[in-house]
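Notes follow the structure.
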């Protein structure tokens, strides 16, 4: 799985690193200004071979991810906790606004 620069900054902070280089890089290498974030969702959360975080860690990561993207100058839109079709509609509607 590939991660963006703000994602890397978030994970560095989670392990107690300052991530100054990643923050500097985030000002140079930009993405679209609107970012869609899938928050931690208790009803569907499960661990597996790839997803090893506890529920508490997942919540902390989700909250920090939103904060970091905001600090990097992105407009964070949190996906609603609903069906895939409703999420797709939310993304499509939010993309044209």
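The values are calculated or read from the model by the stated rules, or taken from the named source; none is laboratory data. Note that the structure is predicted; figures quoted are calculated from it, not measured. Note that we place each Cβ from the backbone using ideal geometry, even for glycine, and neighbour counts take in every protein chain shown.
Name the single residue, out of those in the range 5-27 being surrounded by fewer than 17 Cβ atoms within 10 Å (Cβ to Cβ) and either at positive phi or outside any helix (DSSP H, G or I) (or both), that is modelled with the lowest pLDDT.
18
Return yes or no: is residue 95 assigned to a helix (DSSP H, G or I) and surrounded by 13 or more Cβ atoms within 10 Å (Cβ to Cβ)?
Judged against the criteria, residue 95 is not a match.
In this structure, does residue 86 turn out to be over 18 Å from residue 4 (Cβ atoms) and at pLDDT 95 or above?
Judged against the criteria, residue 86 is a match.
Has the range 41-63 got any residue that is in a helix (DSSP H, G or I), surrounded by 14 or more Cβ atoms within 10 Å (Cβ to Cβ) and in contact with a strand residue (DSSP E or B) (Cβ under 9 Å, 6 or more places away or on another chain)?
Taking every residue of the range 41-63 in turn, at least one turns out to be in a helix (DSSP H, G or I), surrounded by 14 or more Cβ atoms within 10 Å (Cβ to Cβ) and in contact with a strand residue (DSSP E or B) (Cβ under 9 Å, 6 or more places away or on another chain).
Go through the range 28-40 and report how many residues are part of a loop (DSSP other than H, G, I, E, B) and touching a helix residue (DSSP H, G or I) at 6+ places or on another chain (Cβ under 7 Å). Let's see the steps before the verdict.
Of the range 28-40, the ones part of a loop (DSSP other than H, G, I, E, B) are 29-33, 38-40.
Now restrict to residues that are touching a helix residue (DSSP H, G or I) at 6+ places or on another chain (Cβ under 7 Å): 29, 39-40.
Matching residues across the range 28-40 total 3.
Working only within the range 67-92, note down all residues that are in contact with a helix residue (DSSP H, G or I) (Cβ under 9 Å, 6 or more places away or on another chain), assigned to a helix (DSSP H, G or I) and surrounded by 15 or more Cβ atoms within 10 Å (Cβ to Cβ).
The answer is 68, 69.
Among 80, 6, 33, which is the only one that is in contact with a strand residue (DSSP E or B) (Cβ under 6 Å, 6 or more places away or on another chain) and closer than 23 Å to residue 94 by Cβ?
33
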